[in-house]
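The values are calculated or read from the model by the stated rules, or taken from the named source; none is laboratory data. A quick note: this is a predicted structure, and the numbers were derived from the prediction, not measured. Because the Cβ atoms are built from the backbone with ideal geometry, glycine has one as well, and the counts that use them run over all protein chains shown.
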Amino acid sequence: MRKYCLIAAASAAASMSTGAFAATATTTFGVSATVAAECVINSASALAFGTIGALAANVDQTSAINVKCTNTTPFNIGLNAGTATGATVTTRAMTGAGASPATLSYSLYSDSGRTTNWGNTVGTDTVASTGTGSSQSFTVYGRIPAQTAPKPDTYNDTITVTVTY
């Protein structure tokens with residue numbers, strides 16, 4: 001009987017000592033990130049007026065600029081004068097590709113009525129908005145006004161889009 005008591009006592013002591021090794025320790029660590037104000041231009045589609053003729057009436061077309069800015073970030077979208085010699089944001093011109101190239105006048109507007117010129121001076125003629133954290137689309141309203149048609153050619157210009165934030 002004594003053997004059984006010793007075995008039972010040894011077994012009980014062994015099971016108690018196993019529980020002593022199940023202790024834990026904890027600590028914490030910090031996690032942080034800083035979100036900076038940022039804007040990216042996702043895309044700017046070409047403004048193609050297509051094939052035109054005598055220019056007896058206005059020719060209107062649109063394109064789109066897609067911008068993504070961090071949420072609540074105020075920004076302005078500006079369009080420069082283009083690459084034609086002597087062009088300004090109010091008197092833009094496409095230049096022909098042939099020898100002795102001619103120019104074709106056109107304008108860019110920020111409203112569908114084509115009354116608000118779209119330039120690149122913040123607070124004057126840019127388009128202001130506030131970021132949502134998602135892509136936002138802005139329509140560019142283009143117009144070739146009725147004018148004396150230049151010689152037949154392919155006319156082009158390149159506009160630089162600038163987002164100021």
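How about the range 35-71: which of its residues are surrounded by fewer than 15 Cβ atoms within 10 Å (Cβ to Cβ), within 13 Å of the chain's Cα centre (by Cα), not in a loop (DSSP other than H, G, I, E, B) and not hydrophobic (A, V, I, L, M, F, W, C)? Correct list: N42, S43, N66.
I'm trying to understand the selection: among the residues of the range 95-134, which are over 15 Å from Y165 (Cα atoms), in contact (Cβ under 8 Å) with a residue 24 or more places away in the chain and polar (S, T, N, Q)? Of everything in the range 95-134, those that are over 15 Å from Y165 (Cα atoms), in contact (Cβ under 8 Å) with a residue 24 or more places away in the chain and polar (S, T, N, Q) turn out to be T95, T103, S105, S107, S110, S112, N117, S134. Among the residues here, P150 qualifies as modelled with pLDDT under 95 and of a type outside the set (D, E, K, R). Residue pairs whose Cβ atoms lie under 7 Å apart, sitting 6 or more positions apart in sequence or on different chains, and linking a residue in the range 49-70 that is under 15 Å from D153 (Cβ atoms) to a partner that is among the polar types (S, T, N, Q) and in a loop (DSSP other than H, G, I, E, B), are L55/Q147. Mind checking whether some residue in the range 74-83 is more than 20 Å from the chain's Cα centre (by Cα), surrounded by 11 or more Cβ atoms within 10 Å (Cβ to Cβ) and over 21 Å from V161 (Cβ atoms)? No, because not a single residue in the range 74-83 is more than 20 Å from the chain's Cα centre (by Cα), surrounded by 11 or more Cβ atoms within 10 Å (Cβ to Cβ) and over 21 Å from V161 (Cβ atoms).
So which of S105, S137 is assigned to a strand (DSSP E or B), loosely packed, with under 13 Cβ neighbours inside 10 Å, out of contact with any Gly (no Cβ under 9 Å at 6 or more places or on another chain) and not hydrophobic (A, V, I, L, M, F, W, C)?
On inspection, the qualifying residue turns out to be S137.
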